[in-house]
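I am attaching a structure below and will ask some questions about it afterwards.
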Amino acid sequence: RQLLAAQVKPLHERSPIERARRLHADGLSLIPLEPSSKEPAIASWKVHQSERMSLGRLERELERLGPEAGLAVVCGDVSEVVVADFDDLAGVAWAKEHLPDTPWKTRTSRGEHWYFRVYRGTWTAPPTPLPWKGELRAGGHYVVAPGSLHPDGGRYEAIGNQIMRRSGGGGP
């Protein structure tokens, strides 16, 4: 029954280890974050821009950090995701009008993150400046994953069904 309950809980209501298992199964490169922080909890996260941390190591790091440990998704080729970060509701409104819908969205303290699955060599950067307040996160960046606590105390909340299948199958 506990397993069934964990499967139906929204991603942001799961423990850090449950979230890590689910996101890792989707093929994402993940790094642990300090509790209530956007700061990596490991000495160098840059290596994970090209290779994923093993699930075992990630679980050990999250156990060490405790139940309020954060988690981040490394963007770019390693995870095959690009994230549009909208820093206000006007940006979210612009996205709803101009961008394709995505099953993976996260409510942040000021706006939303919209994840888009891209495959190596298929994505090119949009013209700058961006038509919204915020950033586009790709290679060399990471974004805070749903369930993590923002430094101001708010929780990043999953919106939608949160399934981002990787080209090789993947899934929750």
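Each reported figure results from applying straightforward, stated rules to the coordinates on display, with no laboratory input. Everything numeric here is computed off the predicted structure, so don't read it as measured data. All Cβ positions, glycine included, derive from the backbone under ideal geometry; neighbour counts span all protein chains shown.
Hey, for a label at LEU55 modelled as a point 7 Å past Cα toward Cβ, could you say which residues of segment 11-41 have their backbone N under 16 Å away?
Label zone hits: 15-31.
Please identify which residues in segment 24-48 have an amide N closer than 20 Å to a label point set 7 Å out from the Cα of ARG64, following the Cα→Cβ vector.
24, 29-48
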